1. Quick one: count up the residues across region 194-214 that are surrounded by fewer than 19 Cβ atoms within 10 Å (Cβ to Cβ) and of a type in the set (A, V, I, L, M, F, W, C).
2. State the number of residues belonging to region 24-79 that are assigned to a loop (DSSP other than H, G, I, E, B) and among the charged types (D, E, K, R).
3. Exactly one condition in (1) assigned to a strand (DSSP E or B); (2) of a type outside the set (A, V, I, L, M, F, W, C); (3) surrounded by fewer than 22 Cβ atoms within 10 Å (Cβ to Cβ) is not met by Arg320; state its number.
4. Kindly establish whether Thr328 is of a type in the set (Val, Ile, Thr), in the same structural domain as Tyr393 (by TED's automatic domain parsing) and over 18 Å from the mean Cα position of the chain (by Cα).
5. Among the numbered criteria (1) farther than 16 Å from Arg392 by Cβ; (2) in a helix (DSSP H, G or I), which single criterion is violated by Ala338?
6. Is it fair to say Ile115 is within 21 Å of Ala234 (Cα to Cα), assigned to a strand (DSSP E or B) and not assigned by TED's automatic domain parsing to the domain that holds Trp348?
7. Take the residues in region 45-75 that are hydroxyl-bearing (Ser, Thr, Tyr) and either within 46 Å of the chain's Cα centre (by Cα) or at pLDDT 90 or above (or both); name whichever of them is surrounded by the fewest Cβ atoms within 10 Å (Cβ to Cβ).
8. Can you name the residue in region 247-279 that is crowded, with 18+ Cβ neighbours inside 10 Å and among the aliphatic types (A, V, I, L, M) and, of all such residues, is nearest to Ile172 (Cα to Cα)?
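The values are calculated or read from the model by the stated rules, or taken from the named source; none is laboratory data. In this text the structure is predicted, and so the values were computed from the model without any measurement. Glycine also receives a Cβ, built like all others from the backbone with ideal geometry; neighbour counts cover every protein chain displayed.
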Amino acid sequence: MLCSLIDAIEGREVFTIDIKGAFLKAKVPEDMELIVKMDGELAKLFCEINPKFYKEEGGELYLKCLKALYGHREAARLFYNELDHSLTKRMGFQRNSFDPCVYNRKDEQGEIITIRTHVDDLKVSFKSREQLDAVASELKQIYKYITVTTDQTHDYLGMIMSHDKEIQQVTIRMDKYIQDVIDSFKDGSQEEIKVAATPATNYLFKTRTDSVNKIVKQKSALFHATVAKLLFVAKQARPDILLAVSFLTTRDKEPDEDDWNKLKRVLGYLSQTLMCYLTLTCESLDKLTWYVDGSYASHSDMRGQSGAVLIAGDCAVLFRSSKQKVNTRSSTETELIAIDDSLPTIQWTHNFLKEQGYDLNTEIKEDNRSTMFLMKNGRLSSGKRTKHLDIRYFYVKDLIDRGVIKLSHCISEEMIADFFTKPIQGKKFSIMRDIMLNNQTPGEHRSVLVNKNK
């Protein structure tokens with residue numbers, strides 16, 4: 001997502017490349033054994049083609065692989081090692097230290113060419129199409145059979161990504177993927193899905209402790225698979241469902257009928273908002289602003305919910321929503337833990353972008369002044385109400401002292417990370433959704449949000 005934002009800002013050309021038969025390009029090391037079992041007609045044909053092999057009637061063949069083969073757990077790693085060697089040793093790319101699947105190479109003018117990899121699917125971007133053609137040619141010399149897509153619109157990992165360098169914009173749609181998820185759920189459950197105005201009701205976090213309404217094993221498997229697919233959708237192109245899906249991921253071990261109906265509501269909401277999409281656009285990238293929020297005792301076990309959103313320029317890019325792992329005694333503690341939950345992502349984002357050529361200041365927006373006091377003063381501020389807190393929750397003070405991050409107050413009405421901590425309804429939900437999908441900028445919505453809350 002961050003690389004796609006850079007593509008938009010710099011007006012880059014984008015190619016996607018698929019390496020055919022990728023795993024078969026990777027040799028199995030001598031000290032590793034990958035075994036494949038053959039039986040039935042396949043084994044019979046194999047013996048006919050290779051007479052030195054013999055199989056008794058009804059028997060099986062166990063064969064040692066010389067190349068990586070789809071289906072083996074080690075195969076993807078073997079191909080990654082092969083691709084990494086090709087990119088770094090033969091083509092002169094360097095890995096981003098904070099993401100081993102992102103590679104960069106500078107041209108003669110010092111401009112960065114970027115390759116993002118996902119197994120055998122590559123996404124390459126640069127300002128010059130000629131340089132991208134050259135990279136594609138280098139890959140073709142190594143792997144021979146590759147498919148290169150050079151259009152403005154790319155189907156990449158289930159995302160339809162449209163790049164318009166004239167207006168410095170990337171749009172990410174997943175309507176086809178979402179429709180497939182809905183259809184698969186309908187086929188598996190044989191149940192109808194009713195449309196919904198929002199992905200969750202106000203009772204999202206409410207659960208029952210009795211085991212009477214647990215769902216059967218077949219429905220449980222479908223529940224788990226559907227939630228996993230929706231989590232991918234929420235992280236990539238539809239942050240408006242992230243809170244609801246985040247809650248459902250905490251229920252996938254033993255879901256009940258209530259959870260089943262909550263999943264159906266998310267699907268019902270998606271069915272009528274299929275054409276909603278995420279837009280990444282930004283005229284200039286001067287700093288990283290994180291809005292971080294926490295809701296106190298949201299869950300039935302009295303644990304809170306953490307939420308965070310990264311605004312780069314005027315564009316929402318990264319989103320987090322997760323159940324907190326400890327119980328807290330106040331909203332102040334909940335907010336402090338929400339900050340701690342987000343810190344690894346906040347630090348990683350800064351470091352990752354630095355290696356992509358953007359060394360930016362990081363600012364955290366917080367709407368709880370008591371939490372800000374704890375963040376700035378750490379243990380020195382601890383009294384009877386806070387001295388029980390684990391020392392790790394004051395790690396943020398060290399980052400503030402060293403100038404790694406800057407802390408500033410945000411009034412509650414403008415705390416857009418609230419979208420990822422509690423289910424919002426009505427007009428406010430539509431406003432917040434537009435902010436997260438970047439239909440309009442957060443600044444344009446600020447006055448609307450304040451007036452709505454008043």
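1. Taking region 194-214 as the starting set, the residues that turn out to be surrounded by fewer than 19 Cβ atoms within 10 Å (Cβ to Cβ) are 194-197, 201-203, 206-214.
Still in the running and of a type in the set (A, V, I, L, M, F, W, C): 195-197, 212.
Summing the residues that are surrounded by fewer than 19 Cβ atoms within 10 Å (Cβ to Cβ) and of a type in the set (A, V, I, L, M, F, W, C) in region 194-214 gives 4.
2. Looking only at that region, the number is 11.
3. (3)
4. So Thr328 passes the test.
5. Unmet condition: (1).
6. no
7. First, pick out the residues of region 45-75 that are hydroxyl-bearing (Ser, Thr, Tyr): 54, 62, 70.
Still in the list and also either within 46 Å of the chain's Cα centre (by Cα) or at pLDDT 90 or above (or both): 62, 70.
Working: Tyr62: 9, Tyr70: 11.
Across region 45-75, the extreme among qualifying residues is Tyr62.
8. Leu278
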